[in-house]
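The numbers here are math on the coordinates, done by the rules we state, and not lab data. Please read all numbers here as calculations on a predicted model, not as lab measurements. Heads up, the Cβs are rebuilt from the backbone with ideal geometry, glycines too, and the neighbour counts pull from every protein chain shown.
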Amino acid sequence: MVKKLILCILFFLISPVTLLVPIYYFGYVGDGKVLGETVSFETNTGKVLAPAQAENGIMAATIISQNSTPVIIEKYLAHYQSPLVLYTDQIIEASKKYTVSPQLIVAIAQQESNLGKSSPQNCNNAWGWGIHAGGTTCFNSWGEAIETVTKGIANNYCSKGLCDDPCVMMKKYTPKSNGSWCAGVNQFLAEMESGDF
């Protein structure tokens, strides 16, 4: 009985030490911080952050993945010198709010107005939204346009299953197109996907 009691006590004393030593050894210090600097790199699925290699040559196993979509959208808009680059965060937020691909919103703007550079002056309409024989729908700001157009695309297209394929979406969005609209939108989506711009 005494022997079992001694073994139990030893178990409860040795176990925590056995667990804490490797944690300390593999890159943690007493205050809970990881040794070394943080490095980051991008992948197709997101930005990856990881601790830099410690002096002892062992890298901690902590890796945090973050969505790289905002970075890609901002780089794309900046590359083409779009006035929309200042509204990247609004494009991302509206896309999340209405469950629409931000890449689709940007690709349509690229097809319709060269990302806002060819839209009617002082109209803030990069998407060809509400253009008809009676005139063009204009917005007071890019922010208002992003909100209205993203919501409209969500309600009038995505909710009906038309956003998955730009060629299907084209039949309603711009029915008179000879196919160049969906070809352009698909090209711009591919550019953002590959980062080849």
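Computed values, structure above
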quantity: Criterion: free of Cβ contacts under 8 Å to residues at least 24 places away in the same chain and under 27 Å from residue 168 (Cα atoms) - qualifying residue of 69, 99, 150, 137; calculated: 137
quantity: Residues (closer than 17 Å to residue 139 by Cα and out of contact with any Phe, Trp or Tyr (no Cβ under 7 Å at 6 or more places or on another chain)) located in the range 84-93; calculated: 86, 90, 91
quantity: Contacts under 8 angstrom Cβ, first residue in the range 114-126 being surrounded by 22 or more Cβ atoms within 10 Å (Cβ to Cβ), partner part of a loop (DSSP other than H, G, I, E, B) and among the β-branched types (Val, Ile, Thr), 6 or more apart; calculated: 125/131; 125/136; 125/137
